[in-house]
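Read through the structure below, which is laid out as structure tokens, and then see the notes.
The values are calculated or read from the model by the stated rules, or taken from the named source; none is laboratory data. Just so it is clear, the model here is predicted, and its values are computed rather than measured. Here the Cβ is made from the backbone with ideal geometry for all residues, glycine too, and neighbour counts use every protein chain on show. Note: areas computed on protein heavy atoms with side chains; ligands, DNA, RNA excluded. Shrake-Rupley method; radii C 1.70, N 1.55, O 1.52, S 1.80 Å.
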Amino acid sequence: MSSDVALWPDRRGLLFVVSAPSGTGKTTVVERLAHVVPSLAVSRSYTSRPARAGESDGVDYNFITRERFEEMIAADAFLEWADVFGNLYGTSAADAERDLAAGRDLVLVIDVEGARQVRRRCPDMVGVFVMPPSFAVLEHRLRGRSQDTEAAMQHRLRTARAEVAAVTEYDYVVVNDELEACVDRLRAIVLAERARLRSVRVITEYIVDTFLREETQ
Ligand code: 5GP
């Protein structure tokens, strides 16, 4: 049997939820994480917002209409969903279940409100909050990359303040001061969670059993 816990049979995947204020760089960090950790899937959300230049359907998001999104809400198809900056975003319950049932660890990159909903439905989830080094650094990054109006920028910054205040609801905090260092800390969290007794109970019992069998012979 493989010594890599993520590859053991009959294992249910772990559910990681990563939140961070807009502009913290969480998408890049999580994409890098999925490259360096085996057997780790990143959930593809559904959204009613239009694709931006360079984004494609089925890659960055599943882009759907608001009507279709509302139908999915009515059909209870979402593990969680939220209205973020006027657009709807959600995680398909069926998509998430497919990964977890196949033993793949799954990362959701979602906002604080969505994370609260997942925590209620899946109390075993592992919450990770990615922090910018400071408010000033976040503002600098946001202004550098954004074509937002000043009013939209102020709204993002106010939302960031409210989101950072929710950090105490998470299990881990990682500061994104430097990309590779931040990815490395996230990788350590995934590996530590994979080694927890609750994650390895089945294989542990199997190994302990081999010792007990020796004793009775
Ligand atoms: P953006 O439009 O910039 O890609 O994402 C805006 C915000 O939506 C980000 O804070 C992101 O975390 C959040 N978001 C993306 N997908 C989901 C989702 O499936 N559920 C929730 N609750 N938030 C999401």
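Quick notes on this structure:
- Residue check, residue 24 surrounded by fewer than 18 Cβ atoms within 10 Å (Cβ to Cβ) and under 22 Å from residue 183 (Cβ atoms): no
- The set of residues in region 71-94 being within 9 Å of the ligand (Cβ to nearest atom), over 24 Å from residue 155 (Cβ atoms) and open to solvent by 30 Å² or more (accessible area, probe 1.4 Å) is empty.
- Candidates 162, 166, filtered to the one that is of a type in the set (Gly, Ala, Ser) and open to solvent by less than 20 Å² (accessible area, probe 1.4 Å): 166
- Among the residues of region 191-204, not a single one is touching a residue at least 60 places away in the same chain (Cβ under 8 Å), within 22 Å of residue 22 (Cα to Cα), β-branched (Val, Ile, Thr) and surrounded by 14 or more Cβ atoms within 10 Å (Cβ to Cβ).
- Of the residues 121, 145, 141, the single one that is under 19 Å from the mean Cα position of the chain (by Cα), more than 9 Å from the ligand (Cβ to nearest atom) and either open to solvent by 10 Å² or more (accessible area, probe 1.4 Å) or within 30 Å of residue 67 (Cα to Cα) (or both) is 121.
- Among all residues of region 43-58, there is none that is free of Cβ contacts under 8 Å to residues at least 12 places away in the same chain, open to solvent by 20 Å² or more (accessible area, probe 1.4 Å) and away from the ligand (no atom under 15 Å from the Cβ).
- Condition check for residue 134: among the polar types (S, T, N, Q) and closer than 23 Å to residue 182 by Cβ: yes
- From the options 97, 113, residue that is among the acidic types (Asp, Glu) and either open to solvent by less than 20 Å² (accessible area, probe 1.4 Å) or away from the ligand (no atom under 12 Å from the Cβ) (or both): 97
- Condition check for residue 102: hydrophobic (A, V, I, L, M, F, W, C) and either buried (at least 17 other Cβ atoms within 10 Å of the Cβ) or within 13 Å of the ligand (Cβ to nearest atom) (or both): no
- Residue, farthest from residue 72 (Cα to Cα), within region 29-39, restricted to residues that are open to solvent by 20 Å² or more (accessible area, probe 1.4 Å) and not in a loop (DSSP other than H, G, I, E, B): 36
- Selection of region 59-70 for residues being away from the ligand (no atom under 13 Å from the Cβ) and of a type in the set (Val, Ile, Thr) yields only 65.
- Number of residues in region 121-138 that are without any contact (Cβ under 8 Å) to a residue 24 or more places away in the chain and farther than 20 Å from residue 173 by Cα: the value is 0.
- For region 77-113, filtering for residues that are in contact (Cβ under 8 Å) with a residue 60 or more places away in the chain and under 26 Å from residue 176 (Cβ atoms) leaves 12.
- Of the strands (runs of 3 or more DSSP E) lying entirely inside region 70-180, those containing at least 1 residues that are among the charged types (D, E, K, R) are 78-84, 105-109.
Here's the yes/no breakdown for (1) in contact with a Cys (Cβ under 9 Å, 6 or more places away or on another chain); (2) among the charged types (D, E, K, R); (3) at pLDDT 95 or above:
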position	(1), (2), (3)
55	no, yes, no
63	no, no, yes
98	no, yes, yes
103	no, no, no
127	no, no, yes
134	no, no, yes
